[in-house]
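Enquirer: Have a look at the structure that comes next, please.
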Amino acid sequence: METVAGVIPFKAKVGQGETVARLIAAALPHVENEPGTPLWLVLRSNTDPDMIFLVDLFSGTAGRDAHMTGEAAKLIFATVPPYLEAAPEIHPADVIASKGR
């Protein structure tokens, strides 16, 4: 099975990191219904609390494509942008090495 990933850094406006993290995390119920998304992480930086990372693993490009047009993505991109310094940049990626998947 091919495993691919997605990484999206979100730079929140000053003091809005907690809000951005909470809004992104609110999409978890939608992600739980996606069979092509076995791993989905929302990370908040310890060195910059206004930097949030969304990291996903997918069971192939079809899973990634479905996720990026699914309900979780719609919710995130409908609620998070007002709290950001700039639009997030989506980084589709290939998994080169991993442990625990």
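Enquirer: So which residues in the range 49-88 are in contact with a strand residue (DSSP E or B) (Cβ under 9 Å, 6 or more places away or on another chain), under 20 Å from Val31 (Cα atoms), touching a residue at least 12 places away in the same chain (Cβ under 8 Å) and not aliphatic (A, V, I, L, M), if there are any at all?
Expert: Residues satisfying the conditions are Phe53, Asp56, Phe58, Ser59, Gly60, Thr61, Gly63, Arg64, His67, Pro88.
Enquirer: In the range 46-85, which residues are over 13 Å from Ala5 (Cα atoms), surrounded by 14 or more Cβ atoms within 10 Å (Cβ to Cβ) and either among the basic types (Lys, Arg) or over 14 Å from the mean Cα position of the chain (by Cα) (or both)?
Expert: Pro49, Asp50, Tyr83, Leu84
Enquirer: Of the residues Ala86, Ala72, Ala78, which is modelled with pLDDT of 95 or more, touching a helix residue (DSSP H, G or I) at 6+ places or on another chain (Cβ under 6 Å) and of a type in the set (Gly, Ala, Ser)?
Expert: Working: Ala86 fails: touching a helix residue (DSSP H, G or I) at 6+ places or on another chain (Cβ under 6 Å); Ala78 fails: touching a helix residue (DSSP H, G or I) at 6+ places or on another chain (Cβ under 6 Å).
Being modelled with pLDDT of 95 or more, touching a helix residue (DSSP H, G or I) at 6+ places or on another chain (Cβ under 6 Å) and of a type in the set (Gly, Ala, Ser) holds for just one of Ala86, Ala72, Ala78, which is Ala72.
Enquirer: Go through the residues of the range 30-49 one by one and say whether even a single one is part of a helix (DSSP H, G or I) and either more than 15 Å from Ala93 (Cβ to Cβ) or in contact with a Ser or Thr (Cβ under 6 Å, 6 or more places away or on another chain) (or both).
Expert: Yes, the conditions are met somewhere in the range 30-49.
Enquirer: Something else: If I filter the range 50-97 down to residues being in contact with a His (Cβ under 8 Å, 6 or more places away or on another chain) and part of a strand (DSSP E or B), which single residue comes out as nearest to Phe10 (Cα to Cα)?
Expert: Filtering the range 50-97 for residues that are in contact with a His (Cβ under 8 Å, 6 or more places away or on another chain) and part of a strand (DSSP E or B), the one nearest to Phe10 (Cα to Cα) comes out as Asp56.
Enquirer: Against the definition (over 20 Å from Thr3 (Cβ atoms), out of contact with any Asp or Glu (no Cβ under 6 Å at 6 or more places or on another chain) and either part of a strand (DSSP E or B) or touching a residue at least 40 places away in the same chain (Cβ under 8 Å) (or both)), how does Leu23 come out, yes or no?
Expert: Yes, satisfied.
The values are calculated or read from the model by the stated rules, or taken from the named source; none is laboratory data. From a predicted model like this one, the values you see are computed outputs, not experimental measurements. Counting neighbours? That spans all protein chains shown, and the Cβs are built from the backbone with ideal geometry, glycine included.
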